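Colleague: There's a structure below that I have some questions on.
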Amino acid sequence: MHAKLSILALAAVASVQEVCAGPVHRHKHPQKDVVYQYADVVVVTEWVTHTVTAGLDPTPPPAPVVEAPADPSPPPPVSSAPPAPPPAESSAAPPPPPAESSAAPAPPPAESSAAPPPPPAESPAPPPPPPAPVSKRGAAYNDPRLVEAMVSQTDKITWAYNWGSDSGGLQAKIAFYPMLWSPAPDHSGNWDEKAEAAIAAGSNSLLSFNEPDIPSQANMSPLDAANGHKQYMNKYAGRAKISAPAISSSQSPGMGIEWLKNFFDACGGQCQVDFCAAHWYGPGGDDGASLFLDHIKNVHDACQGKPVWVTEFAAESGDVDQFMRRVTEGLDSDEFSFVEKYSYFMVNQGSLMSSPTQLSSFGKIFAGI
Ligand code: BGC
């Protein structure tokens, strides 16, 4: 019984809500329809009231139904409202079982005179919460299975790269960005094929050479890198965002940021560069985090204000957990909005992972776990 009353009450509320659904809905219908709906509500309300009076359920009728909307126009004479036909015997006897809510809807009063209910007080809907920003964190990896283990535990890792032009079978549903690494034939031989495949798969960015300022890495002069960049990267302008060669954080003459400046000079404005890629290695803890963040600002300046991706960085001593907390907070802050992406070195055991499936303490901080 109580349940049934509740259902009826809900039905009545729903009916009121429908009537009050807003100006758009109401305006689509002729006024006559509105009057019908309103009258329907009134009848149901009275029926519920009768039942409560019988003491069968002390629950008061739902408020929205009782509060018949204030009608600015003269209400129809009470007499004219077709009362729910009282069961003949009704008088003294207990009210009929509400069952057949059959309380068939009373026919619409002829004298549609009743004005439609006033529009609901238009309380403006609260603005939707802003969408959560997409995480900038990515996976620098060699073994795709480790990335998959990490990605299965967090949604903070949104992209990946492996210093190669092919993902190596990465299954994780995150963006993969191919890297040319070097113009040497073993890297550039199938570059176009791989770059095209990545773009076709939805990749919107391409990474150029890796640490050309380091002899054991791509090992290129700024002029050679400028020529190589024009040859292999410029052609993708407009189809993907293109990085400058990824520089080390070496402070030695001609390396790091200085190499990047020399590269731009050698390009003479002819290299397609949409963002810069940079690396950093140094001490951990709060001090290391400050050094790191300052360095990234300097990269931004050297990159002529273009966005920055930090594609390798790591604390090599001190408190790595604290370093990770500080740098992730910094890179995600408004002050570092120019940093579009960053990946710690790297997703492997001994760094972000402590086993093939488990994250290290600072791996968890990086993964937001
Ligand atoms: C090298 C990559 C290598 C990566 C992880 C980078 O410094 O350039 O070739 O895959 O380290 O070992």
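Every number here is computed from the coordinates shown, using simple stated rules; none is lab data. On a predicted model such as this, the values are computed, not experimentally measured, just so you know. Don't worry about glycine lacking a Cβ; one is built from the backbone with ideal geometry, like all the others, and counts go over all protein chains shown.
Colleague: Give me the number: length gained by fully extending Phe338 to Ile174, i.e. 0.36 nm times residue separation minus the C-alpha to C-alpha distance, one decimal in nm. If you can, show how the numbers build up before the last one.
Modeller: Working: separation 164, 0.36 × 164 = 59.04 nm, distance 2.14 nm.
Here the answer is 56.9 nm.
Colleague: Among residues other than Pro307 whose Cβ falls under 15 Å from its Cβ, what is the net charge (Lys/Arg +1, Asp/Glu -1)?
Modeller: -1
Colleague: Let me ask another. Label-point separation (nm) for Asp192 and Asn204, each offset 7 Å from Cα along Cα-to-Cβ?
Modeller: 2.6 nm
Colleague: Can you pick out the pairs among Lys136/Lys230; Lys136/Lys241; Lys156/Lys306 whose Cα atoms lie more than 18 Å from each other?
Modeller: Numbers: Lys136/Lys230 28 Å; Lys136/Lys241 16 Å; Lys156/Lys306 24 Å.
Those over the limit are Lys136/Lys230; Lys156/Lys306.
Colleague: Give me, ordered by chain and number, the residues 5 or more places off Gly318 or on other chains with an amide H under 5 Å from its own placed amide H.
Modeller: Close amide H contacts, sequence-distant or interchain: Gly284.
Colleague: Whole-Hz Karplus ³J(HN,Hα) for the stretch 284-297, in order, using 6.51 cos²θ - 1.76 cosθ + 1.60 and θ = phi - 60°, x for Gly and Pro?
Modeller: x, x, 5, 5, x, 4, 5, 4, 4, 5, 4, 4, 5, 5
Colleague: Also, I was wondering about something else. For labels at Val134 and Gln153 in the simple 7 Å Cα→Cβ model, what's the distance in nm?
Modeller: 2.5 nm
Colleague: Here's another thing I want to ask about it. Which residues does a label at Asn142 reach in the stretch 148-188, if reach means a backbone N under 13 Å from a point 7 Å past the Cα toward the Cβ?
Modeller: Correct set: 162-164.
Colleague: While we're on this one: For the modelled label position 7 Å from the Cα of Gln270 along Cα-to-Cβ, which residues of the stretch 188-206 have backbone nitrogen atoms closer than 15 Å?
Modeller: Backbone N within reach: none found.
Colleague: Net charge within 11 Å of Trp280 by Cβ-Cβ distance, Lys/Arg positive one each and Asp/Glu negative one each, not counting Trp280 itself? All intermediate terms of the calculation are to be shown ahead of the outcome.
Modeller: On the way: positive: none; negative: Asp294, Glu312, Glu316.
Cβ neighbours under 11 Å give a net charge of -3.
Colleague: Right, next: Put a dot 7 Å past each Cα toward the Cβ at Leu291 and Gln358; how far apart are the dots in nm?
Modeller: 3.1 nm
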